[in-house]
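Here's the structure, in structure tokens; my notes come after.
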Amino acid sequence: MSVRIVTDSTSDLPVEIARRYQIEIIPNNLVLDGQCFKDDGEEISREVFYNRLPGLKNPPTTATASSGDYLAMYNRIFQQGVDHIISIHPSALLTGILNSVNIAAQMAEKFVHVIDSGQASLGLGFQVLAAAQAAQEGHALDEILHRIESVRCHIRLVAMLDTLEYVRRSGRVSWAETRLAALFGLRPLIELNQGQVLSLGEARTRKKGIQRLGDILQKLGKVKRMVVLHTNAEQDAVKFQSQHQHLSAEPVWLCNVTTVIGSHVGPNGLGFAVVTS
């Protein structure tokens, strides 16, 4: 029995990892001033996107790949002799991606197991990676599904945003909260948990916000895997990585978060995703 893993570009998995474990990634779409780009890092780089973002006259919009795109990929994989597909995606509370996925899954040649990760970025990506590693090791379908669930229960994704303005546009917090934070120039700290964007308070300065972020991470103790997430804040991300590498059993990754997510959180954000022990 063979199992193949499918996800989308919000998983933020590095290309080399996807190739190594035969993970299929479908890009979502980004629309800037009427021009559509695939969220694959090739049609527009993440660095270029974040540099352009503050100066855009119209807010960027995002769109999922179509159900036809997913169906074509599923059937292509099944035609290669694969027995099962597990398709893992961000929370349905955050995006409509699962709508397209479910439509395609119902029309595919064989059964597709659709998983709502409850997460995004590497909070999703770590679940995808765990599934792909288990599949490559030859584990049965039930064991792979169990590993996904086990990793999901141990994911923590926390971030400090430079502003709440972009989150306000996405409708994830109330206008009153956003206006208050903007008035005092506060840096909000948030956590993504089961598709919910939760407030962890605010910091008066960026320096204090990064310190708070580090304090939250330190309290988690030793972790199995960790990635430092940022939205074009590489200098802060590298420093944060070096300060906290000792907490992770494996090398800590750096990730400039994909444009489709960055559209909703804005530039200069910093955070982490970990798999706790």
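Would you please give the residues with an amide H less than 5 Å from that of VAL114, counting only those at least 5 places away or on a separate chain, with H modeled from the backbone geometry?
SER87
With θ set to phi - 60°, apply the Karplus curve 6.51 cos²θ - 1.76 cosθ + 1.60 along segment 22-39 and write out the HN-Hα couplings as whole Hz, x wherever there is a Gly or Pro.
Values, residue by residue: 6, 8, 8, 10, 9, x, 7, 10, 10, 10, 10, 6, x, 9, 9, 10, 6, 7 Hz.
Among HIS246, HIS139, rank each residue by its count of other Cβ atoms within 10 Å, from fewest to most, as a rough exposure measure.
Fewest to most other Cβ atoms nearby, the residues stand as HIS246, HIS139.
Round to the nearest 10 and give me the degree value, 0 to 90, for the angle of helix 121-136's Cα axis relative to the longest principal axis of the chain.
Computed tilt is about 30 degrees.
Name the residue farthest towards the positive end of the dipole of segment 155-276 from the options GLN235, GLY209, GLY262, assuming +1 on Cβ of Lys and Arg, -1 on Cβ of Asp and Glu, about the Cα centre.
Of the listed residues, the answer is GLY209.
Using a simple charge model, +1 on the beta-carbon of Lys and Arg, -1 on the beta-carbon of Asp and Glu, nothing else, what dipole does segment 1-69 show about its Cα centre, in debye to the nearest 20?
Here segment 1-69 has a charge dipole of around 60 debye.
Rounded to the nearest 5, what is the percent of antiparallel bridges among the DSSP beta bridges in segment 4-91?
The antiparallel proportion sits near 55 percent.
For a quick protection proxy, order the peptides 112-123, 141-152 by their average other-Cβ count within 10 Å, most packed first.
112-123, 141-152
May I ask for the distance between the Cα centers of segment 207-231 and segment 1-75, given as a whole number of Å?
26
If we sort 7-13, 66-72 on the protection proxy, mean other Cβ atoms within 10 Å, highest first, what's the order?
Packing proxy ranking, top to bottom: 7-13, 66-72.
With axes computed from alpha carbons, what is the tilt in degrees of helix 97-107 against the longest principal axis of the chain, rounded to the nearest 10 within 0 to 90?
Relative to the chain, helix 97-107 is tipped by roughly 10 degrees.
What's the extension gain from ASP142 to GLN245 if we count 0.36 nm per residue and subtract their Cα-Cα distance?
33.8 nm
Starting from the Cα of GLU42, step 7 Å along the direction of its Cβ; do the same at LYS222; then give the gap between the two resulting points in nm.
4.2
When the Karplus curve 6.51 cos²θ - 1.76 cosθ + 1.60 is applied with θ = phi - 60°, which whole-Hz ³J(HN,Hα) does each residue of segment 80-87 get, with x for Gly and Pro?
Going residue by residue, I get 7, x, 6, 8, 9, 10, 10, 10 Hz, with x marking Gly and Pro.
Which residue, chosen from GLY81, VAL6, ALA159, occupies the Cα position most advanced towards the positive end of the dipole of the chain, where the dipole is computed from +1 (Lys, Arg) and -1 (Asp, Glu) charges on Cβ about the Cα centre?
The Cα lying farthest towards the positive end belongs to ALA159.
Enter the angle in degrees (range 0 to 90, nearest 10) between the Cα long axis of helix 141-152 and the first principal axis of the Cα atoms of the chain, meaning the one along which they spread out most.
That works out to roughly 0 degrees.
Contact order normalised by length for the chain, with contacts defined as Cα pairs under 8 Å and 6 or more residues apart; what percent is it?
21
List the residues, sorted by chain then number, that are 5 or more residues from ILE26 or on another chain and whose placed amide H is less than 5 Å from its amide H.
For ILE26, the qualifying residues are THR7, ASP8, SER9.
At 222 nm, what helix-only mean residue ellipticity would the chain give, in deg cm²/dmol to the nearest 500, using -39500 (n - 2.57) for each DSSP H run of four or more?
-12000 deg cm²/dmol
In debye, nearest 20: dipole of the chain around its Cα centre with unit charges on the Cβ of K, R (+) and D, E (-)?
980
Check cross-link reach from LYS222 to the aspartates and glutamates: straight Cα distance under 15 Å, and skip same-chain residues fewer than eight apart.
GLU250
Report the antiparallel proportion of the DSSP beta bridges in the chain as a percent, rounded to a multiple of 5.
Expressed as a percentage, antiparallel bridges in the chain total about 65.
With a cut-off of 8 Å between alpha carbons and a minimum separation of six or more residues, what is the relative contact order of segment 155-276 in percent?
35
Treating cross-link reach as a plain straight distance, find the lysines whose alpha-carbon is under 25 Å from the alpha-carbon of LYS57, omitting any fewer than eight places away in the same chain.
Result set, ordered by chain and number: LYS38.
Each reported figure results from applying straightforward, stated rules to the coordinates on display, with no laboratory input. Please read all numbers here as calculations on a predicted model, not as lab measurements. FYI the Cβ positions are ideal-geometry reconstructions off the backbone, even for glycines, and counts take in every protein chain you see.
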